[in-house]
Amino acid sequence: MSFSLIANAWAGAYIRTWGAARMPLSERVFGRLRDTMQIGVYGSGYLGTLVSACLADFGTPVICCHPDSSRMVEMAQGNVPFFEKNLNEVIKRNVRAGRLAYSTDMEAFARRARVIFLAEDSPQHLADHVLRIARLAPKPPILSVVTPVSVGTTTGIERRVAEAGLKATLVSQPIFFTPGCAVEDFNWPDRIILGTASNDAVLAIKQIFHPLVMRGVPVIVTNHETAELIRESATAFVATKISFINELSNLCERVNADAVSLSLALGLDKKIAPRCLQPGAAMGGLFAESDMDSLAELAREKGVSLKVLSAAREVNHSLADRLVEKISGMVDSVQNKDVGILGLAFKPNTNSVAGSSSVRLAQGLIARGARVRAYDPVAIPEARLELNGTVNYCESAYAAAEGVDALVVGTGWPEFRALDFDRIKHLLKRPIIVDTKNLLDSVRLRAMGFEYAGIGRG
């Protein structure tokens, strides 16, 4: 039996036992919806994998569909092709419980699912997927667009659906999370955004996200364009906060102030909040650059000047150069020097190197004539694609430290705090540590004889 048939045999079984799903609802209307509604997620990449697993973890039977049979087989076996904290466990738990199945049969998928989340990582073929599903579905489906899209995309797709003589209800639903804490972000969001004029679609999606709605997560209902703009604007605003605190950290170094204490004090202001107000390396992430690029392009097309966004992006991109200068000053030029980098992922608990400041730093050091050794617990395979053969990849933090002129903490992996720094000191050619995340105990390291440099710290 082919995988497609196996997956859809599972899917049919799960859908037929929908009434047994573990999601007690108080409202009678939600109970009726639960018994009739069937849920699908289209996508085999980061978004599709995450959304399907987390929806199933609500107690909701979910079918994840994509024509890539090899990827679907791997997913059904619990082999996630990327690292994301807790995600593998969530997938295995829900596959075992019969709430999560994978299919390659698009026709059966479109026939059965009343609500489908379109969760491809790229919007390249989004309109084609919508048209195909609308043709195959026996009744007009509700299609939630989770895929990051530029402003105006969903309205344009609605127009194409109408021109084709088809019917479907589209919802713009940006979902906000960052790699490394995506499962947590999905389960504890700040808000749910629904861009649609359909009350039925709002009711259906609120039922699916019922555990969050009942917990008091705000639901904001608006139009497509506003929902799409919220995503890009949120990314740009976070980039602005990070860029601002990094500029202040530069000032801190000049006036003997401490950027960590400064960011804590500012973050405790209820108008600011602390999560993204931390000095360190630049902002990165899977969709961060594309969100900001899209927003900047939209403003340019409309003749609007976004000077703050432009300045934030300039600061964000210049941080790697600033770090190269800092390291160069500590080792008397990085030309023909060996530098070890601990961490290549753009943040802990993920293997993504998209927009990684560590990767940019490695590139900057190499361009200035340095030799780079690097270690990361999970991100080396991804980093190889970005850095090619220019970096010597190591199997441990100690191997990355051996014989180098300076050791750089590039990603805030918690395990780096627990390193044996007495051993590290003996491995280094010179006892120099540059901590781009202010992760380590600077007082202890200096007492041990290290020359320690953080970000924005005297």
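The values are calculated or read from the model by the stated rules, or taken from the named source; none is laboratory data. From a predicted model like this one, the values you see are computed outputs, not experimental measurements. These accessible areas exclude ligands, DNA and RNA; they are computed on the full protein's heavy atoms, side chains included. Shrake-Rupley method; radii C 1.70, N 1.55, O 1.52, S 1.80 Å.
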>> Quick check: the distance between the Cα centres of segment 150-203 and segment 388-458, to the nearest angstrom?
In response: 43
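Which value in Å does the Kirkwood hydrodynamic radius of the chain take, with 1/r averaged over all unlike C-alpha pairs and then inverted?
Working: mean 1/r = 0.0420 Å⁻¹.
Evaluated on the chain, it is 23.8 Å.
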> Given H placed 1.01 Å from N in the peptide plane, which residues other than close sequence neighbours of residue 451 have an amide H under 5 Å from its amide H?
Replying inline: 432, 433
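Taking 8 Å as the Cα distance limit and 6 or more residues as the minimum spacing, I'd like the relative contact order of the chain as a percentage.
Numbers: 874 pairs, mean separation 52.9, N = 458.
It comes to 12 percent, rounded to a whole number.
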> Long-range amide H contacts for residue 222: which residues qualify at under 5 Å (H placed 1.01 Å from N, peptide plane, sequence gap of 5 or more or a different chain)?
Replying inline: 194, 195, 196
> Can you give the three extents of the C-alpha atoms in segment 324-390 along their principal axes, from longest to shortest, in whole Å?
Replying inline: 34, 21, 18
> Counting each DSSP H run of 4 or more residues in the chain as -39500 (n - 2.57), what helix-only mean residue ellipticity at 222 nm follows after dividing by all residues, to the nearest 500 deg cm²/dmol?
Replying inline: -14500 deg cm²/dmol
> For segment 162-221, what is the Kirkwood hydrodynamic radius in Å, using each pair of distinct C-alpha atoms?
Replying inline: 12.8
>> Tell me the per residue accessible area of the chain using a 1.4 Å probe; a whole number in Å² is fine.
In response: 44
>> Compute the helix-to-body angle for 46-56: its Cα long axis versus the longest principal axis of the chain, expressed 0 to 90° and rounded to tens.
In response: 60
> Which residues' amide hydrogens lie under 5 Å from the amide hydrogen of residue 355, considering only partners 5 or more residues apart or on another chain, with H built in the peptide plane?
Replying inline: 285
> Roughly to the nearest percent, how much of the accessible area of the chain is carbon and sulfur, given a 1.4 Å probe?
Replying inline: 53
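Which pairs break 27 Å Cα to Cα here: 85/241; 85/326; 337/437; 85/139; 206/241? It would help to have the intermediate numbers written out before the result.
Details: 85/241 25 Å; 85/326 32 Å; 337/437 22 Å; 85/139 38 Å; 206/241 31 Å.
Check vs 27 Å cut-off fails for 85/326; 85/139; 206/241.
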> Helix 357-367 versus the longest principal axis of the chain: what angle, 0 to 90°, nearest 10, using Cα atoms?
Replying inline: 50
> If you average 1/r over every pair of different alpha-carbon atoms in segment 79-200 and take one over that average, what Kirkwood value in Å do you get?
Replying inline: 16.0
>> To test your reading of the geometry: what angle, between 0 and 90 degrees and rounded to tens, separates the Cα axis of helix 199-208 from the longest principal axis of the chain?
In response: 60
